[in-house]
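A short worksheet on the structure shown next.
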Amino acid sequence: MIDTIIFDLGGVLIDWNPRYMYRKIFDDEQEMEDFLTNVTTHDWNELQDGGRSLAEATETLVKEQPKWEKEIRAFYDRWEEMLGGPILGTVDLLDTLVRSKRYRMLALTNWSAETFPVALERYDFLTWFEGILVSGQEMLKKPDVKIYQLMIERYQLDPSTTLFIDDSERNLKGARRVGLNTIHFQSPMQLRERLADVL
């Protein structure tokens with residue numbers, strides 16, 4: 001019997017994609033993709049989710065890739081332009097769950113502590129959660145089991161009655177290691193169907 005639901009944010013409730021901003025900088029789509037793959041890499045960005053400052057991240061990468069200094073500095077100077085808006089189908093589903101008052105509603109996100117206040121200001125639905133654990137504030141990030149353990153301890157959760165929703169299978173594997181029930185998010189409709197099966 002599920003009594004608590006934990007939502008990931010990026011890719012589940014919030015549409016974030018660096019391409020929204022970088023398409024304004026690059027004329028060539030393939031050049032942009034090469035830049036995102038080889039310069040502002042997923043691993044580089046994840047270090048900020050784990051607590052590294054944006055300034056340190058930027059200066060380190062500029063030193064490593066001076067050819068791309070202008071484009072690298074745009075990543076955080078124009079970061080807000082990467083936010084595409086709420087994923088409305090999931091927000092509607094969240095609204096239904098909140099209104100039912102049957103579940104504790106929490107969020108667990110890999111997000112830089114420095115950019116998360118922008119999201120808090122922009123998306124009213126973030127106030128619907130009882131609590132949000134932000135990786136950059138805790139200096140831990142998914143899929144490290146320590147961040148799930150911290151979530152369990154902070155909010156006094158029973159993993160066996162807690163459901164975690166994330167769009168990353170890697171993150172779900174970490175959650176399952178501490179006993180959380182999981183759903184791999186793929187679309188709002190798919191999530192609605194899966195929740196009908198487990199709630």
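Tabulated data for the structure shown
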| item | result |
| --- | --- |
| Filter result for ALA107 (surrounded by 19 or more Cβ atoms within 10 Å (Cβ to Cβ), farther than 19 Å from ILE5 by Cβ and either modelled with pLDDT under 95 or hydrophobic (A, V, I, L, M, F, W, C) (or both)) | no |
| Residue count for the stretch 117-157, restricted to those that are touching a strand residue (DSSP E or B) at 6+ places or on another chain (Cβ under 8 Å) and of a type outside the set (A, V, I, L, M) | 12 |
| Index of the failed condition, ALA57 passing every other in (1) closer than 19 Å to SER168 by Cβ; (2) at pLDDT 95 or above | (1) |
| Matching helices (runs of 4 or more DSSP H) fully within the stretch 12-70 where at least 1 residues are among the aromatic types (Phe, Trp, Tyr) | 19-22, 29-38, 42-49 |
| Test: residue in the stretch 121-133 that is open to solvent by less than 10 Å² (accessible area, probe 1.4 Å) and farther than 30 Å from GLU56 by Cα | no |
| Meets criteria (open to solvent by 70 Å² or more (accessible area, probe 1.4 Å) and either aliphatic (A, V, I, L, M) or touching a residue at least 24 places away in the same chain (Cβ under 8 Å) (or both)) for LEU140 | no |
| Test: residue in the stretch 58-73 that is surrounded by 15 or more Cβ atoms within 10 Å (Cβ to Cβ) and within 20 Å of the chain's Cα centre (by Cα) | no |
| Verdict on THR37 being of a type in the set (Val, Ile, Thr), surrounded by fewer than 16 Cβ atoms within 10 Å (Cβ to Cβ) and under 17 Å from the mean Cα position of the chain (by Cα) | no |
| Residues of the stretch 82-101 satisfying the condition of being open to solvent by 20 Å² or more (accessible area, probe 1.4 Å), touching a residue at least 40 places away in the same chain (Cβ under 8 Å) and more than 10 Å from PRO188 (Cα to Cα) | GLY84, PRO86 |
| Positions within the stretch 106-155 being among the aromatic types (Phe, Trp, Tyr) and either over 15 Å from VAL12 (Cα atoms) or part of a helix (DSSP H, G or I) (or both), in sequence order | PHE116, PHE125, TRP128, TYR148, TYR155 |
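The values are calculated or read from the model by the stated rules, or taken from the named source; none is laboratory data. None of the values given here were measured: they were computed from a predicted structure. Cβ atoms come from the backbone with ideal geometry, glycine included; neighbour counts cover every protein chain shown. The accessibility values were calculated without ligands, DNA or RNA, using every heavy atom of the protein model including side chains. Shrake-Rupley method; radii C 1.70, N 1.55, O 1.52, S 1.80 Å.
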